[in-house]
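Read through the structure below, which is laid out as structure tokens, and then see the notes.
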Amino acid sequence: MAVNPIIPGLREAAGGLPTSQVRGASGGADFSNRLEAAIRSVSDAQNVADVHLGQMASGEEVDIHTTMIAMQEADIKLRTMVSVRDKVVDAYQQMMSMAV
């Protein structure tokens with residue numbers, strides 16, 4: 001990570017500029033959009049796996065391999081999301097325990 005691009009942003013922030021004028025301040029909306037898309041992706045994968053399982057349980061003709069792949073994909077996405085959440089919570093707790 002290069003430090004030089006970060007320094008001008010810190011200088012602007014320390015100079016008393018409003019947050020909307022500091023470079024990179026618009027990243028909050030981008031982060032929330034990405035987070036929402038990731039959550040939606042996990043939810044969609046879970047819904048696809050549920051549809052496949054429902055079809056299998058009702059006795060419809062479904063491919064077992066496709067059903068298992070959908071279930072594993074949903075599981076992997078959920079585990080990844082939980083792991084990211086744990087890292088964010090850990091980072092937040094570390095920041096809150098810092099002495100000011």
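The values are calculated or read from the model by the stated rules, or taken from the named source; none is laboratory data. The structure presented is a predicted model; accordingly, all values stated were derived computationally and were not measured. Reconstructed Cβ throughout: ideal geometry from the backbone, glycine too, with neighbour counts over all protein chains shown.
Here M81 fits the description: part of a helix (DSSP H, G or I) and in contact (Cβ under 8 Å) with a residue 40 or more places away in the chain.
Table: residues versus (1) at pLDDT 95 or above; (2) not small (G, A, S).
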| site | (1), (2) |
| --- | --- |
| P5 | no, yes |
| G15 | no, no |
| G24 | no, no |
| N47 | yes, yes |
| E60 | no, yes |
| V88 | no, yes |
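Evaluate the range 78-86: report whether one residue or more is of a type in the set (D, E, K, R) and modelled with pLDDT of 95 or more. Checking the range 78-86: at least one residue is of a type in the set (D, E, K, R) and modelled with pLDDT of 95 or more.
Name the single residue, out of those in the range 46-82 being loosely packed, with under 10 Cβ neighbours inside 10 Å and not acidic (D, E), that is farthest from F31 (Cα to Cα).
Taking the range 46-82 and keeping what is loosely packed, with under 10 Cβ neighbours inside 10 Å, we get 57-61, 64-65.
Retained after the next criterion (residues that are not acidic (D, E)): 57-59, 64-65.
Values: A57: 39, S58: 40, G59: 43, I64: 37, H65: 35 Å.
The residue in question is G59.
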